[in-house]
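One structure coming up, written as structure tokens, with questions to follow.
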2 protein chains.
Amino acid sequence: MHTLTVDLGDRSYPIHIGQGLLGKPSLLSPHLGGRQVLVVSNETVAPLYLEPVLGMLGDYLVTTVILPDGEQYKNLETLNKIYTALLENRLNRGCTLIALGGGVVGDITGFAAASYQRGVAFLQIPTTLLAQVDSSVGGKTGVNHPLGKNMIGAFHQPRCVLIDTNTLDTLDDRQLAAGLAEVIKYGLINDADFFAWLEQNIDALKARDKQALAQAIQRSCSIKAEIVAADERESGRRALLNLGHTFGHAIETGTGYGNWLHGEAVAAGMVMAADLSARHGWLPQSDVERAAALLRRAGLPVAPPAEMHEQQFLDLMAVDKKAVDSGLRLILLKAIGEAVVTAEYQPALLSETLNAAA
Amino acid sequence: MHTLTVDLGDRSYPIHIGQGLLGKPSLLSPHLGGRQVLVVSNETVAPLYLEPVLGMLGDYLVTTVILPDGEQYKNLETLNKIYTALLENRLNRGCTLIALGGGVVGDITGFAAASYQRGVAFLQIPTTLLAQVDSSVGGKTGVNHPLGKNMIGAFHQPRCVLIDTNTLDTLDDRQLAAGLAEVIKYGLINDADFFAWLEQNIDALKARDKQALAQAIQRSCSIKAEIVAADERESGRRALLNLGHTFGHAIETGTGYGNWLHGEAVAAGMVMAADLSARHGWLPQSDVERAAALLRRAGLPVAPPAEMHEQQFLDLMAVDKKAVDSGLRLILLKAIGEAVVTAEYQPALLSETLNAAA
């Protein structure tokens, strides 16, 4: 087992990464405050991993909520189901919520924990690669609104993130690829060596080589933990983690939540960001192709859906969280391994990027 | 004008109290971040005070949302109307929300601000006595769930509280009385001298004597500001501010939100808390009568609704925020001017209190 720490003073917490961790109750118990626990999972994950998790919670009063599976259910209505379960079972302020599943379960459970009785404890047990390398770490929680993704939410850090890499055995190929998009993102924004390592190891990762996956997860979590510790509330550097996300959120919202997986939309969005960077002369065209090639090998889309037009992108991007008073800021690339947040791009070139794929 | 400060480090903020403050834009402008502002009000308050508030915001891009009036609308559905207005008008992370109205508008707007794009700025312009002396100060925000009051929410401090005492001119008598319940609460929990002052001045307050009201508001806000600064997240002493609220929330939920005003339910709840304290011999019976007499003179109920039974109270109280693992904690009185948080009461005596009124 490998343990990283997200260093946030009195809200610091461990990320445990290893095989078979779902069989180790001693990893959970230090982080459970009271005796009441609510486990939130979904219809896909619960049949596979709810039982081992309940087995770790023998001494607690446990309630479970099983949500439908998919981004289209990450909304206020589903959130309210969690509140109702909490209240029907009289869970009090000392309770702990456990998110068992992918990014949707983690985000919605985290926001339920952030807002139930003005804030209770929660733990993350991510079971998808995407949740393991990205969404379970860093305390971003929330739900979608029909007019914008992740527009409703809170910063609320978990008490612990427990990553059992065995859960990846049951992940379907499309979900695995979606997770690889976020892994590749860390290489692109922060770590050219890691990007090169991914180019060497992408086939092993696709083939679910345990050691390669463990290495990719550790490196990804380590980069994320370091960035979150430096800028928890995204007033600066943390925004770099949104590479591809402004374009990607527009794709997810524009095509209807649940049709494109988040990682797929981010993959296409990262290529668009690289393309726009190259149009400014900031990034060699060969690096755009290098990024696209790796994403393609991972099994990911590298262009937005043909039916989306420039104006739809602009409409959806303007309500994105990265939009600010002084103009829409984007995360662009100066090199593979070096991203910047900037509003200093030319609108005409953005227009070219948005039209290039259509 | 009188200015108090809620001392919370880099989240400290002023409470301005005075006549005619709605005509002074310079009090708002230092607290508005970007150019985008959303003003949230309700059908009762907007016709009276929206225009002067918009007059203070001439240089900003202002959107307004008018909610229906009443506690029964303090729910996720109404909250979602605010999110929709924010997104339809493309308000970004640099925007500021302004709550113009009573406690319901303040609580729901505050929670919208806490959760929109994971947190934006907000200001409070409370127009009811209850909101001016209590709910606008301290950062408790949220909405109700059918199974429990204020069960969904966040701690999110405003940037400024602007109390124009002229707005009380248009407050109906029942709302004024409801506000006096919270004023009397401060005397009961913290300040025997203030309680005695209220006994001397209750008729002047009921008659809307401007000077008496200003004094009551200042003293109430001052006590609240001091307690909030010492214990923002209610891990200790802040719980004393909930005197009468565990019983009161049960009355509000049990009778259906909006039938009893919050202050009315708290008034009856405070008498129940005093009664339970007296049954333990902690408070002389004469002080129970003193508290009830002052509340009665203020025009408030001093007993719960006859149709509520012991079991209904216990059911509703057990999901109250003040319920903890080790048993339901209550705020009880050791004297007029001295409240305590305790689980050390006898269930048999609680049962007597719950049955006494029925």
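Please work out if A:S235 is polar (S, T, N, Q) and buried (at least 24 other Cβ atoms within 10 Å of the Cβ).
Judged against the criteria, A:S235 is not a match.
So which strands (runs of 3 or more DSSP E) are wholly in region B:1-53 and hold at least 1 residues that are of a type in the set (V, I, T) and touching a Pro at 6+ places or on another chain (Cβ under 9 Å)?
Strands (runs of 3 or more DSSP E) meeting the threshold: B:2-6.
Further question: Can you pull out the residues in region A:285-309 that are in a helix (DSSP H, G or I) and not aliphatic (A, V, I, L, M)?
Correct list: A:Q285, A:S286, A:D287, A:E289, A:R290, A:R296, A:R297.
Something else now. Within the set of pairs 6 or more residues apart or between chains, which connect a residue that is facing chain B (nearest Cβ under 8 Å) and farther than 15 Å from A:V62 by Cβ inside region A:81-95 to a residue that is assigned to a helix (DSSP H, G or I) and not basic (K, R) with Cβ atoms less than 8 Å apart?
A:Y83/A:A112
Is it the case that region B:279-287 has a residue that's among the hydrophobic types (A, V, I, L, M, F, W, C), closer than 22 Å to B:G148 by Cα and touching a helix residue (DSSP H, G or I) at 6+ places or on another chain (Cβ under 9 Å)?
Scanning region B:279-287, I find no residue that is among the hydrophobic types (A, V, I, L, M, F, W, C), closer than 22 Å to B:G148 by Cα and touching a helix residue (DSSP H, G or I) at 6+ places or on another chain (Cβ under 9 Å), so the answer is no.
If you go through region B:24-46, how many residues are within 14 Å of chain A (Cβ to nearest Cβ) and touching a Cys at 6+ places or on another chain (Cβ under 7 Å)?
The qualifying residues number 4.
Can you name the number of the only condition in (1) within 12 Å of B:L332 (Cβ to Cβ); (2) touching a residue at least 24 places away in the same chain (Cβ under 8 Å) that B:P301 fails?
Answer for B:P301: the failing condition is (1).
Which one is nearest to the other protein chains (Cβ to nearest Cβ), of the residues in region A:160-184 that are surrounded by 20 or more Cβ atoms within 10 Å (Cβ to Cβ) and of a type in the set (D, E, K, R)?
Filtering region A:160-184 for residues that are surrounded by 20 or more Cβ atoms within 10 Å (Cβ to Cβ) and of a type in the set (D, E, K, R), the one nearest to the other protein chains (Cβ to nearest Cβ) comes out as A:E182.
Can you tell me which condition B:L54 does not meet? The list is (1) touching a Leu at 6+ places or on another chain (Cβ under 9 Å); (2) closer than 24 Å to B:G119 by Cα; (3) modelled with pLDDT of 95 or more, and all the others hold.
Every condition holds for B:L54 apart from (1).
Could you give me the residue pairs with C-beta distances under 8 Å whose first residue belongs to region A:269-293 and is over 22 Å from A:A250 (Cβ atoms), whose second residue is of a type outside the set (A, V, I, L, M) and assigned to a helix (DSSP H, G or I) wherever it lies, and which are 6+ apart or on separate chains?
A:R290/A:E199
Within region B:321-356, can you find the residues that are modelled with pLDDT of 90 or more, out of contact with any strand residue (DSSP E or B) (no Cβ under 8 Å at 6 or more places or on another chain) and in a strand (DSSP E or B)?
Across region B:321-356, the qualifying residues are B:A335, B:E338.
Could you tell me whether any residue of region B:57-64 is in contact with a helix residue (DSSP H, G or I) (Cβ under 7 Å, 6 or more places away or on another chain), surrounded by fewer than 24 Cβ atoms within 10 Å (Cβ to Cβ) and in a helix (DSSP H, G or I)?
No, because not a single residue in region B:57-64 is in contact with a helix residue (DSSP H, G or I) (Cβ under 7 Å, 6 or more places away or on another chain), surrounded by fewer than 24 Cβ atoms within 10 Å (Cβ to Cβ) and in a helix (DSSP H, G or I).
Given the options B:Q132, B:Q124, name the one that is under 21 Å from B:L180 (Cα atoms) and either within 7 Å of another protein chain (Cβ to nearest Cβ) or not in a helix (DSSP H, G or I) (or both).
Exactly one of B:Q132, B:Q124 is under 21 Å from B:L180 (Cα atoms) and either within 7 Å of another protein chain (Cβ to nearest Cβ) or not in a helix (DSSP H, G or I) (or both), namely B:Q124.
Based on what the data block shows, is B:V104 at pLDDT 95 or above, part of a strand (DSSP E or B), away from chain A (no Cβ under 14 Å) and within 23 Å of the chain's Cα centre (by Cα)?
no
Ok, one more. Pick from region A:65-77 the residues that are within 11 Å of chain B (Cβ to nearest Cβ) and either in a loop (DSSP other than H, G, I, E, B) or among the charged types (D, E, K, R) (or both): which of them is surrounded by the most Cβ atoms within 10 Å (Cβ to Cβ)?
Checking each candidate, the answer is A:N75.
Counting only residues that are crowded, with 21+ Cβ neighbours inside 10 Å and either at pLDDT 95 or above or within 14 Å of chain B (Cβ to nearest Cβ) (or both), how many does region A:303-316 have?
Final tally of qualifying residues: 2.
Has region A:78-90 got any residue that is out of contact with any strand residue (DSSP E or B) (no Cβ under 8 Å at 6 or more places or on another chain), of a type in the set (S, T, Y) and not in a strand (DSSP E or B)?
For region A:78-90, residues out of contact with any strand residue (DSSP E or B) (no Cβ under 8 Å at 6 or more places or on another chain), of a type in the set (S, T, Y) and not in a strand (DSSP E or B): absent.
The values are calculated or read from the model by the stated rules, or taken from the named source; none is laboratory data. Since the model is a prediction, treat every value here as computed from it, not as a measurement. Neighbour counts run over all protein chains shown; Cβ positions are idealised from the backbone, glycine included.
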